[in-house]
Amino acid sequence: MNVMKNRRPDYRLKLLVLAALLSTSEVFAVDDQLVAAAFSSLPPGNTPPAGWTPLTASNIKVHTRYTLVEDGGTTVLRADSESGASGLSRKLRVAPADLSWLRWRWKISNLIETADLHRKDRDDFPARVYVMFDYPLEKLPFFERNKLRVARALFDPDLPAATLCYVWDGNTPAGTIASSAYTDRVKVIVVESGPARIRQWVDVERNIARDFRAAFGEDAPPVSAIAVASDTDNTGTFATAFFGDISFNKHSLIDKSAPAAAKP
């Protein structure tokens, strides 16, 4: 919604509501933006932000450690992974046609030189941002549908049927789209690659509607959850990553002509 000039009292009220929502770290929408993670509004500490829950696998015993820390005067989420893996996720509901632009910033301290997104035994990344979609199970082929049902019964009843996984990789060129080494229902999109911007904050903006179509060949269903992660369990290495605030937006602020990822 656009705020008319002759309705300034309403605008001030929205700012007050925004401030109150920031203080509780809830998912909220104001006008044409939905803030999914407001880490910068929180004090540093070891407690996971409200609304975020661990994303783990039963066969992985060592988990990534997440803490809220101060970096450059701003609170951010820090992930430390050493021969382990886990993420933090939160449920939400977003219509990609309305809020197409996903925006976040991240920083890593090191690359994982031996990682390879095409191999299960090398499938590690210092930083990941997942976008999970409420994809109808009945649209999957019979074999994929039954395989997902089994996985949901064994691991997680909310396991999504379609996921975009944005990563910072050490070797694969930026712009690459590839299926996860574990499943075709997770598409890995390399957003940042190589050492050029290590230890620097990098602003990222992706059009999730375009990226979903490029990855899966169809229109994107509603977003059901997001997650951040750093994992080193397959390579037995270590990594440190930092994540800033995350939001879904109606308009691009970085580059209005930014293309979706292209298949290699």
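Across all Cα atoms of the stretch 26-170, the radius of gyration (one decimal) and Dmax (whole number) stand at 16.8, 52 Å. Here each label is just a point 7 Å from Cα along the line to Cβ, and for THR114 and ALA95 those points are 4.9 nm apart. The packing ranking of peptides 167-174, 217-224, highest mean first, is 167-174, 217-224, where packing means the average number of other beta carbon atoms within 10 angstrom of each residue. Our coupling estimate for the stretch 56-66, obtained by passing each phi through the Karplus curve with A = 6.51, B = -1.76, C = 1.60 and θ = phi - 60°, is 10, 10, 5, 8, 10, 8, 9, 10, 5, 9, 10 Hz, Gly and Pro reported as x.
Put simply, the Cα atoms of the stretch 74-157 extend 42, 37, 21 Å along their principal axes, the longest span coming first. Residue by residue, the stretch 113-121 carries 3J(HN,Hα) couplings of 4, 8, 6, 8, 5, 8, 10, 4, 7 Hz when phi is fed to the Karplus relation 6.51 cos²θ - 1.76 cosθ + 1.60 (θ = phi - 60°); x denotes Gly or Pro.
Give me the tail of P(r) for the stretch 146-226 as a percent: Cα-Cα pairs with distance above 18 Å. Write out the running numbers ahead of the final one.
Values: 1623 of 3240 pairs.
That tail contains 50 percent of the Cα-Cα pairs.
Take PHE238, project a point 7 Å from its Cα along the Cβ direction, then tell me which residues of the stretch 69-90 have their backbone nitrogen under 15 Å from it. Hits in the stretch 69-90 for PHE238 at 15 Å: 79-85.
Close amide-amide hydrogen proximity is noted between SER224 and MET132, PHE133, ASP134, each under 5 Å apart and 5 or more residues distant or on a separate chain (H modeled in the peptide plane; Pro and chain starts excluded). With the convex hull of its Cα atoms as the shape, the stretch 106-264 has an orientation-averaged projected area of 9.6 nm². Listed by chain and number, the aspartates and glutamates whose C-alpha is less than 12 Å from the C-alpha of LYS120, apart from same-chain residues fewer than 8 away, are ASP233. At full extension, ASP156 and GLU138 could sit 4.7 nm farther apart than now, given 0.36 nm per residue minus the alpha carbon distance. Here LYS139 sits with roughly 110 square angstrom of accessible surface, probe radius 1.4 Å. Rolling a 1.4 Å probe across all protein chains gives LEU159 an accessible area of roughly 60 Å². List, in the order given, every pair from LYS187/LYS250; LYS61/LYS139; LYS107/LYS147; LYS61/LYS91; LYS61/LYS107 whose Cα-Cα distance in the structure shown is over 31 Å. In this structure, LYS61/LYS139; LYS107/LYS147 lie more than 31 Å apart at Cα.
Would you mind getting me the FRET efficiency between ARG213 and SER180? Use the beta-carbon distance for r and R0 = 22 Å, nearest 0.05.
On the way: r = 18 Å, r/R0 = 0.83.
It comes out at approximately 0.75.
The values are calculated or read from the model by the stated rules, or taken from the named source; none is laboratory data. Quick caveat: nothing in here was measured; it's all calculated off a predicted structure. Virtual Cβ from ideal backbone geometry, glycine too; neighbours counted across all protein chains shown. Ligands, DNA and RNA are excluded from the accessible area calculation, which covers all protein heavy atoms including side chains. Shrake-Rupley method; radii C 1.70, N 1.55, O 1.52, S 1.80 Å.
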